[in-house]
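Okay, so here's the structure we're looking at.
Here, each number is a calculation from the coordinates, and none is a lab measurement. Please read all numbers here as calculations on a predicted model, not as lab measurements. Glycine also receives a Cβ, built like all others from the backbone with ideal geometry; neighbour counts cover every protein chain displayed.
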Amino acid sequence: MSAYVSLGGCYLARLSKAEMPVRLERNDPKGGWTARSLTHGRRVRIRDASQLLGVYDNGDLNRIASTTTPNRRSRIVETVTLSLAQTTEEAVSPRRIVVTITRPEPMAKKVVLVRLALLDAAHRVLSETKKAMTTREIIETAAKKEYWTTEAATPWATLHAALSREIKEKGADSRFVKAERGKFALQKDK
């Protein structure tokens with residue numbers, strides 16, 4: 001097969017466990033060739049001629065060109081158009097792949113509402129109400145004002161654990177204080 005390998009030729013190549021059509025683009029400095037996959041448009045490396053299984057003719061190339069769609073990782077937005085030779089003798093001669101790359105139009109900037117963390121939402125609710133509240137009341141108020149929402153079954157238990165943990169770990173530096181049984185408030189100086 002190595003006697004018939006020429007740059008610009010289209011071949012069926014075995015890459016890993018997959019077989020795919022490729023077009024040889026140039027010699028690789030490490031040996032072998034750098035090729036372009038005709039199925040997804042990315043560059044691949046052919047290490048030696050044993051990876052090349054056969055030459056593609058015009059019929060095969062026309063079939064590939066009509067069914068090729070870009071890979072999700074490739075930057076090619078439109079399908080690959082191959083300029084094909086008319087005779088079988090020209091099938092080994094160099095080919096051109098015309099790739100059209102379209103740049104997406106810049107998107108208009110959107111105003112993105114930043115979702116607060118659970119403790120930040122609790123701090124905001126308690127600072128607005130200025131009174132001690134249970135965790136259920138804090139969660140309901142945060143959901144009504146759209147500071148924080150969740151699909152969890154027991155968000156008030158999660159909030160209670162987070163508030164208790166912050167009070168225990170930070171002590172006097174905590175933003176929260178336990179006002180009475182089951183109720184939390186903000187520190188006076190915070």
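Here are some notes:
- Among T150, T134, a tally of other beta-carbon atoms within 10 Å of each Cβ gives an order, fewest to most, of T150, T134.
- Lys, Arg +1 and Asp, Glu -1 on Cβ, resulting dipole of the stretch 119-190 about Cα centre, debye, nearest 20: 280 debye
- Eligible lysines near K188 by straight Cα distance, threshold 29 Å, same-chain separation 8 or greater: K130, K131, K144, K145, K168, K170, K178
- Shape of the stretch 118-186, Cα gyration tensor, a/c cut at 1.5: prolate
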